[in-house]
Every structure is written in C-alpha cells, then in structure tokens.
Amino acid sequence: MTAGEVSPREESRLETNDVQTLISEIAIRERGKELAQEIGKDYDGQPLTIVGVLTGSLVFLADLTRQLSIPHRIGVLQASSYRGATTVPGSLHVSLDLAPDLEGRHVLLLDDILDTGQTLSTLVEEVKRLGPLSVRTVVLLRKLGRQAVPLEPDYCGFEIPDVFVVGYGLDYNDEFRHLPFLAGLDPEDIARHCRR
Ligand code: IMP
Ligand code: MG
C-alpha cells in the first residue's frame, strides 16, 4: 500500500465514526412490529404480495416479512435515482424485469424512504399496469419538507427531518447499507469522504 491510500481498517473506522445514530436498532424493530400488526390486520385473508424496491428496501423487507403473521408473497423491482457520489436525485431508472406475477394480487409497494415522492408515485403507476387487485405503499421513513410529488404512503415507519440518512439498507454511494441502525450523515463528512 502506498502513502495516502486508505487502509481497509481506516475505511471501516471512517464509516462508524462519521455517522450519528438517528433511530436505533431496537426502535426500528419495535416500530416494525407495529407496522406488521397493522398490515396483517388490513390484509388478513387477502392475496398479498409485498414488492420491495431494490436496493435500499432489502433490509426493511427482510425484517417486515418475518414480523408479518399472515401468509404473503414477496418480490422485488428495481428503481434508482441516485448515481455515484451524490445526494442529489438524478433521473429515475425503473425496471420491472424482476417483478413477480401480480395479477389478482393485492400489492404493497415497500420502499426505504419517501423523499421527493418521485420514485414511489412512478412505481405505483407502473405496478398498476401489471393488473393487481390494488396497490398501496409502505415506507420505513418519510423525510419532512422534501416532498414534491403528492403521495400519501399508506403505512409509514418514522417521519424524519431533512437529513441524509444511511444504514438499515440505505446507502450513500453504495456504502453504509450494512449498519443495523439508521444514521444521519453530516454534509461535511460526505465532502470529506468524497475527497478520499
Ligand atoms: P424520491 O424519489 O425522491 O422520493 O427518493 C426516494 C429514493 O431516494 C429512495 O428510494 C432512496 O433510495 C433515495 N433516498 C432519498 N433520500 C435518501 C437518504 O437520505 N438516504 C439514502 N437514500 C435516500
Ligand atoms: Mg431506493
């Protein structure tokens, strides 16, 4: 390794030092249980498919599906609006290639965070074209003061202030997804991280 390079050890220290816990692992689990109870009651006896939006929703999907006591199917589709080292949304890329057969199913679209609302509102329209019985939405987080497209999520875990969050599946430039809690990333730390 040459001078100036960041060792893997330093990189992992950077990850945990530069984030501040916003929502703890325990709080996420407790809120997840409540959401699962609510969803379980609403869809009891119905053919439900929960469709997660890759990649940010993976951890939330994995936990919620195991907290839900009613039978249901799960699937995924792809949407990405952040490309590379930026926290500013770019154009939206949607792919339904991985989506399961949704005809005759009630669909609950699951995403990590509702920010401007562009992603979920686009996906709701796309999924409707696949012939489901109904389409509703669940988000782990809703960022306040950011929404540009009108969409009321049917289920929401937490409302948070306008900070960039990572962890529990959410990323910054594909990093931090592995953190078991939700953390706020300071803009100064983002800039520092970019310079590395
Ligand atoms: P929207 O289309 O602006 O609502 O953005 C939703 C998508 O942007 C989410 O699915 C996330 O992937 C991403 N996103 C928005 N805010 C954040 C954040 O604070 N951290 C990580 N990803 C975010
Ligand atoms: Mg996403």
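The values are calculated or read from the model by the stated rules, or taken from the named source; none is laboratory data. Computed from a predicted structure; not experimentally measured. Note that we place each Cβ from the backbone using ideal geometry, even for glycine, and neighbour counts take in every protein chain shown. In case anyone asks, the SASA skips ligands and DNA or RNA and just uses the protein heavy atoms, side chains included. Shrake-Rupley method; radii C 1.70, N 1.55, O 1.52, S 1.80 Å.
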(message) Just to be sure before I move on: is Asp63 buried (at least 18 other Cβ atoms within 10 Å of the Cβ), at pLDDT 95 or above and out of contact with any strand residue (DSSP E or B) (no Cβ under 8 Å at 6 or more places or on another chain) in the structure I sent?
(response) yes
(request) Output the strands (runs of 3 or more DSSP E) that fall wholly within the stretch 91-196 and possess 2 or more residues being in contact (Cβ under 8 Å) with a residue 24 or more places away in the chain and within 14 Å of ligand 2 (Cβ to nearest atom), or say none. (result) 106-114, 134-143, 164-166
(request) Go through the stretch 89-116 and count every residue that is within 14 Å of ligand 1 (Cβ to nearest atom) and closer than 14 Å to Arg136 by Cα. (result) 4
(message) Any residue that is of a type in the set (A, V, I, L, M), within 15 Å of ligand 1 (Cβ to nearest atom), out of contact with any strand residue (DSSP E or B) (no Cβ under 8 Å at 6 or more places or on another chain) and open to solvent by 70 Å² or more (accessible area, probe 1.4 Å) - is there at least one of those in the stretch 138-147?
(response) no
(message) Checking Glu126 against (1) open to solvent by less than 30 Å² (accessible area, probe 1.4 Å); (2) more than 17 Å from the chain's Cα centre (by Cα); (3) closer than 20 Å to Ser81 by Cβ: exactly one of these is not met. Which one?
(response) (1)
(message) So in the stretch 17-37, with the set limited to residues that are open to solvent by 80 Å² or more (accessible area, probe 1.4 Å) and part of a helix (DSSP H, G or I), which one is modelled with the lowest pLDDT?
(response) Asn17
(message) Looking for something within 18 Å of Glu25 (Cα to Cα), under 13 Å from the mean Cα position of the chain (by Cα) and open to solvent by 50 Å² or more (accessible area, probe 1.4 Å) - is there at least one such residue anywhere in the stretch 161-176?
(response) no
(request) For Tyr155, indicate whether it is within 12 Å of ligand 1 (Cβ to nearest atom), open to solvent by less than 30 Å² (accessible area, probe 1.4 Å), modelled with pLDDT of 95 or more and under 18 Å from Val59 (Cβ atoms). (result) no
(message) Just checking, does the stretch 73-87 include any residue being on the phi > 0 side of the Ramachandran plot, out of contact with any helix residue (DSSP H, G or I) (no Cβ under 9 Å at 6 or more places or on another chain) and either more than 10 Å from ligand 1 (Cβ to nearest atom) or modelled with pLDDT under 95 (or both)?
(response) yes
